[in-house]
Structures are given as structure tokens and as C-alpha cells.
There are 2 protein chains.
Amino acid sequence: MNNLFGDVPTQCPEELVQTILANCNVRIERIVSYGHASPDGFWYDHVQNEGVLLAQGAARLRFEDTVVAMKPGDFIDIPAHRKHRVEWTTPDEKTIWLAVFYE
Amino acid sequence: MNNLFGDVPTQCPEELVQTILANCNVRIERIVSYGHASPDGFWYDHVQNEGVLLAQGAARLRFEDTVVAMKPGDFIDIPAHRKHRVEWTTPDEKTIWLAVFYE
């Protein structure tokens, strides 16, 4: 995968997460959502900080205190242990994210 | 700046480089080029690795041994000290990059 929009499989039962690069300090992932949302009651609680770009599609991220709607180009920095979940991704097209996890 | 495509100034004399986030291990930048290229004879020689996404526009990166044409969605990982220069960016629109420098 050397293009963020390339080689996207047809509908997957789960979100598709692919590591673009990783070492001890940083991990860059492509995530493809297609109408997916986090399971009811599930919260991400990452030990690393996560800077995430929504490159295509549309989504809503829920935090404990707010909901953030995201459109293409939107970038959000989520500190480690800030709980969040994917509330919604559009069913109309694939939502493609570039996520950078860092210490 | 919370949208990669937002708040882009009109033509700047130099490439516009804006830090989105940075700490000791990682730095994420938005770079806006508009027909810019690296000065003749200039080579980037970063002490950090650089993973870079071309989000909009078009560019050619020159390495000592090859030239890589980049289109939207293309991602390239450039190891530290791999010399490179921006050979060309399109004059037709702004080229917007997301660069992740990491140890």
C-alpha cells in the first residue's frame, strides 16, 4: 500500500487497519471504515497519543464530554488515555483515516 | 489549523510549513507548496525519518538514485539522511502535504 486511497477491498466485516510503518516510537496506520462504528459500550483507551487525519468520507468521534464531526482534511490530536469511540461513519462511501500513534 | 485543506494563505514566496503537533519523538507538519521546488543544488538531509502523504496537488521528489512522482494519497517513507529534494510541484493548484518526522 503506497497510496492511501489504493487497494481498498470491498466491504469488510470489520474496520480494516493496515500498518504503513512502525517502530518503537511511532506507528502510522491506514484505517478504512465503511459504515462501521465502535461496538456499543466500547471505548478506545490508547496508551499512545493519536493524531488522526480523516482523508475521505465522514465520521463522528465521541469523547466522554463531546462529539466531533469530521470531514475530509480534518485532523485531531487525541492524547493518550483520552477515551473515544467511533460513533458513526458514513454508509455512502469508504471513510479513510491516516492515524499516527506516538509516544 | 484543524483542517489540512483549511486556512491556506494565498501565494507565499516560500513553502508554508506549519507544525500541527510536536514533542521529543515526533513532529507532524502541514506543508503547502504552490509551484515551489527546492533551490538548485539543495538537498534535504533530515536527522529524523519522514513519512509523508501528498494529500492534494502533484509533485516530484528527487532522490540521489531515482525520481518519484506523487499524486493525492501517495505516501512515502524517507529514512533519516536519505537525501531528497522537491524537484517540482504543480503550478496549477496548491500541493498539500502531511509530513510525520519521527525518530
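Throughout, read-outs are computed from the coordinates displayed, never taken from laboratory work. Given the structure is predicted, the values throughout are model-derived calculations rather than measurements. All Cβ positions, glycine included, derive from the backbone under ideal geometry; neighbour counts span all protein chains shown.
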Shortest first and in nm, the label-point separations between residue A:93 and its counterparts in the other identical copies (7 Å out along Cα→Cβ) come to 1.2
Here, residue A:77 and residue B:60, labelled 7 Å along Cα→Cβ, have an inter-label distance in nm of 3.6
One decimal, nm, nearest first: from residue B:17 to the same residue in each other copy, label points 7 Å out along Cα→Cβ, the values are 3.2
Simple spin-label estimate for residue B:93/residue A:14, 7 Å along Cα→Cβ, in nm, reads 3.6
Expected integer from the mean partner chain Cβ neighbour count at 10 Å over A:3-14 is 2
Working note, chain B: Cα radius of gyration (Å, one decimal) and Dmax (Å, whole number) are 13.0, 36
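Test of understanding: ordering B:76, A:20 by Cβ neighbours within 10 Å, fewest first, what list do you get?
By the 10 Å Cβ count, ascending, the order reads B:76, A:20.
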Mean other chain Cβ within 10 Å across B:50-58 is 3
Taking r as the C-beta separation of residue A:40 and residue B:46 and R0 as 41 Å, the FRET efficiency to the nearest 0.05 is 0.40
Expressed in angstrom and rounded, the centroid-to-centroid distance over alpha carbons for the stretch A:28-103 and the stretch B:69-96 is 26
Given unit charges at Cβ for Lys, Arg (+) and Asp, Glu (-), the dipole magnitude of chain A about its Cα centre in debye, nearest 20, is 100
The lysines whose Cα lies under 27 Å from the Cα of residue B:94, excluding any fewer than 8 residues away in the same chain, are A:71, A:94, B:71, B:83
Sorted shortest first, the nm distances from the residue A:38 label point (7 Å along Cα→Cβ) to its counterparts in the other copies are 4.1
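Most exposed first by the Cβ proxy, i.e. fewest other Cβ within 10 Å, how do B:19, B:90 rank?
Fewest-to-most ranking of B:19, B:90: B:19, B:90.
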